[in-house]
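Quick notes on the structure that follows.
The values are calculated or read from the model by the stated rules, or taken from the named source; none is laboratory data. If you're wondering where the values come from, they're calculated on a predicted model, not measured in any experiment. Cβ coordinates were reconstructed from backbone atoms using ideal geometry, including for glycine residues, and neighbour counts include every protein chain displayed.
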Amino acid sequence: MSVMIFYKTTDEECILQGAFSKLSYSGIPVFFDNNGVIEAVSNYLIFKSIKDTDLITSVTTYADQLQTFLRFIEDKGKGISWSNVTDGHLVEFRDTKLKSGNKDSYVAGLLRTVFDFYMWAERNKYIRHHVAIYTDDKEYSISAEKTKTSWKWPHIPSSTSKARPTPTNDDLEVLHATTIEESDTVGVRDSLIFTIYERSARRMEALQIKTSDVPDWEGIEEYQDDNKIFYVEIMGKGKKLRDLEFLPETMELLREYTENERAEAVQAAKNRDKFYKEPNDLFLGATTGKPLNLQYISRRLSGLMNKAGVAGTGHRVRAKGLTDIVTAFDGFDDRGQPKSAQDVLIRAAEKAGHSNPQSLRNYLALSRSEGLAAKLNNVELLRDLEIRIQMRKKQITEIDNANDLFAAILNDLNVEDELLKFLQKYVTKLDT
């Protein structure tokens, strides 16, 4: 009997038990064969969904890549189990894909994901002494070569990766305008998340912000008068604590969101469920009142970028923030000479929560090649102003739609007819 390997993604009813809480995770691929769930592969994808917070592609891409490989070994390997795969099978998979006309970069991407899965399975004891991620001279079924930070399969085809686009300030202006126009209920929320990305936050870090991190109006006004910056402590990559910086103007926007769109989402959830308990998380789903998850954020923001015609994913918006941070530390020393690149990178890495300063070298090169002069606070002030402009534009549009009704009420003429027309327009808008 042939084996059919496939996966299904979880819905919002999927609850995962963490160390201290239960969280809802939708969009996580779960793999099946004739015997049921393929536990190791499914748990690996759960790990990638929850723990690996610096992904550029979605977890579904990893699932597609693993499915391609697993179906190949099932077909060509005469039913061999995933746990018995060797270098020979990986080489055969590589050569078959290349001979089929696939690009080196595509095949390399497949094999990186496959090897990452096997390395994870070895470390988590789903397989034992199978992958050569040890510093000894023993023979292993799957080879591994040490890199600066991890391991790689040594027989991956070489590929030249293209530089991923980093949005410009003009791109981000269009993106924020499109985002706010996209939705009356979550447009402001999504625009604020993009703003936090621009401050170099990762997905996981942006979703850690709590309502208690947003000061009241009196506290915001005090910081404005004293020209001070707010600091919000979050747990970064590698479980390292770091601060995200916010101008008082950004905190004003977050406070407005808390008292309006977020409050409406909470009230709607209470109306639907008398047992609903408001979470402390700042960013909530408009229809559920529950905290957002990483997969939803990735899909939502990538879709908005695509609609705005801005290349890349939400991670590239963060790349713009990293470029701004590097630029803020760059410049000239007391002698008028360019600052040492190493000094700039070390200071920027500490600020951005990067353990390896060299990982920011491309952002320094971009900054210097484009002669970027705008500093962090100026960019953020401009972005806050753009968001406010878009919010006011929407409010003005709503007022324009009610002009006939206002005139009827003031003149006490045909009020019922004008009210009916206004309500019909409103219902039509909700349906679309």
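When you check Ile73 against the structure, is it assigned by TED's automatic domain parsing to the domain that holds Leu98, more than 14 Å from Thr9 (Cβ to Cβ) and at pLDDT 80 or above, yes or no? Talk me through it step by step, then tell me what you get.
Working: assigned by TED's automatic domain parsing to the domain that holds Leu98: yes; more than 14 Å from Thr9 (Cβ to Cβ): yes; at pLDDT 80 or above: yes.
Here the answer is yes, as Ile73 does meet what is asked.
For Lys270, state whether it is assigned by TED's automatic domain parsing to the domain that holds Arg202, assigned to a loop (DSSP other than H, G, I, E, B) and more than 23 Å from Leu301 (Cβ to Cβ). So that I can check it myself, show each step before the final result.
Values: assigned by TED's automatic domain parsing to the domain that holds Arg202: yes; assigned to a loop (DSSP other than H, G, I, E, B): no; more than 23 Å from Leu301 (Cβ to Cβ): yes.
So Lys270 fails the test.
Does the range 191-208 include one or more residues that are surrounded by fewer than 16 Cβ atoms within 10 Å (Cβ to Cβ) and more than 14 Å from Met305 (Cα to Cα)?
no
A search for C-beta distances below 7 Å between a residue of the range 166-188 that is of a type in the set (Ser, Thr, Tyr) and any residue that is at pLDDT below 80, counting only pairs 6+ apart in sequence or on different chains, returns Thr166/Arg316; Thr166/Ala319; Thr166/Lys320; Thr166/Thr323; Thr166/Leu366. Considering Tyr118, Tyr126, the condition of being surrounded by 12 or more Cβ atoms within 10 Å (Cβ to Cβ) and not in a helix (DSSP H, G or I) is satisfied by Tyr126 alone.
Where strands (runs of 3 or more DSSP E) sit wholly within the range 1-56, those with at least 2 residues that are at negative phi and at pLDDT 85 or above occupy 6-9, 29-33.
From the list Thr96, Thr86, Thr68, the lone residue that is of a type outside the set (A, V, I, L, M, F, W, C), in contact (Cβ under 8 Å) with a residue 40 or more places away in the chain and farther than 24 Å from Ser49 by Cα is Thr86. Filter the range 231-275 down to residues that are among the hydrophobic types (A, V, I, L, M, F, W, C) and over 18 Å from Phe194 (Cα atoms), then give me how many there are. Going through the range 231-275 one residue at a time, the tally reaches 8.
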